[in-house]
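A.B. asks: The structure under discussion is supplied below as structure tokens; questions concerning it will follow.
The values are calculated or read from the model by the stated rules, or taken from the named source; none is laboratory data. This one's a predicted model, so the numbers in the text were calculated from it and none came from an experiment. Cβ placement follows ideal geometry from the backbone for every residue including glycine, while neighbour counts extend to all protein chains displayed. With ligands, DNA and RNA removed, areas are computed over all heavy atoms of the protein, side chains included. Shrake-Rupley method; radii C 1.70, N 1.55, O 1.52, S 1.80 Å.
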Amino acid sequence: RLRQVCLVASDLALECARLKSIFGLQECYRDENVGKYGLQNVLFPVGSNFIEVVSPLRSGTAAGRFLERHGGRYGYMVIMDCDDPERRRGHAVSLGVRVANVIRHRGYLGVQLHPKDTGAAILEFNNTVGGIDPMGPYAPAGPNWQRAVRTGVTRRLAAVEIECPDPGQFAARWARILERPVQSPDEGQYRIALDAGAIDFLPAAASEAVLAGVRLE
């Protein structure tokens, strides 16, 4: 289930102000635990989905290097909640995809795959105990995220868009990881439909695949 996207910004306050102004969103949580990665963050619910913005606090962070490489133009992570992160971790490893990070705490497990093996973005599978209800617990968003839901302008995260030189081939790579079929609704464009949301793969002249768009409804 497509649950969250993570964006990187050099100016956290500015980007958060834009999200609030343009999309009518309300901040729900700031996770102090990301400080150990040299980051600060803010999460916004979009219905039962989330947009997270992270910003480096020091030099040498992975997110900071991403900013320098891409000039802050592209998304950083595609995050899906699921019933079985451990099984999906094992499947990814069987395909030769490395695990970059595992996050465990009471009632929560998150498995992040290495972006050099996935391409375009970090893929994460996570699970929160009791989180099968979309409006139930979701650990990354804090204990009271439901209070911040605003649906006057935007109601959900519908899809993410990956731009790449060969979208068919790239979609097939992610399909193997996600164990989902690839659809081709339009010539030259491909889609992986999830239980909630979708991932679209679009042609682009760039030399590498990038997370270039987030579609909200």
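A.B. asks: Mind listing which GluC sites (Glu not before Pro) in the stretch 125-202 are in a DSSP loop and have 13 or fewer other Cβ atoms within 10 Å?
C.D. replies: Those satisfying the criteria are Glu179, Glu187.
A.B. asks: Would you mind computing, in nm to one decimal, how far apart the modelled labels at Phe23 and Asp84 are, each placed 7 Å from Cα along Cα→Cβ?
C.D. replies: For the pair Phe23/Asp84, the computed spacing is 3.1 nm.
A.B. asks: Take the solvent-accessible surface of the protein heavy atoms, probe 1.4 Å, and return the percent of it on the chain that carbon and sulfur atoms account for.
C.D. replies: Ligands and nucleic acids excluded, carbon and sulfur reach 47 percent.
A.B. asks: Given the C-alpha centroids of the stretch 180-202 and the stretch 2-21, what is the distance between them in whole angstrom?
C.D. replies: If you average the Cα positions of each part, the centres end up 25 Å apart.
A.B. asks: At 7 Å along the Cα-to-beta-carbon direction for both Ser207 and Leu194, put a label point, then send me their distance in nm to one decimal.
C.D. replies: Inter-label distance under the simple model: 3.0 nm.
A.B. asks: Here's another thing I want to ask about it. With label points built 7 Å along Cα→Cβ from the Cα atoms of Arg65 and His114, find their separation and express it in nm.
C.D. replies: 1.2
A.B. asks: Under a 1.4 Å probe, what is the accessible area of the stretch 37-158 per residue, stated in Å²?
C.D. replies: In whole numbers, the stretch 37-158 has 47 Å² accessible per residue.
A.B. asks: Something else: With an 8 Å Cα cut-off and a minimum separation of 6 or more residues, compute the relative contact order for the chain in percent.
C.D. replies: Rounded, it is 23 percent for the chain.
A.B. asks: Contour minus end-to-end for Glu32 and Gln146, with contour as 0.36 nm per residue of separation and end-to-end as the Cα-Cα distance?
C.D. replies: 39.1 nm
A.B. asks: Would you pull out the residues with amide H under 5 Å of Phe50's amide H, same chain only if 5 or more places away, H placed 1.01 Å from N?
C.D. replies: Residues meeting the amide H criterion: Gln4, Val5.
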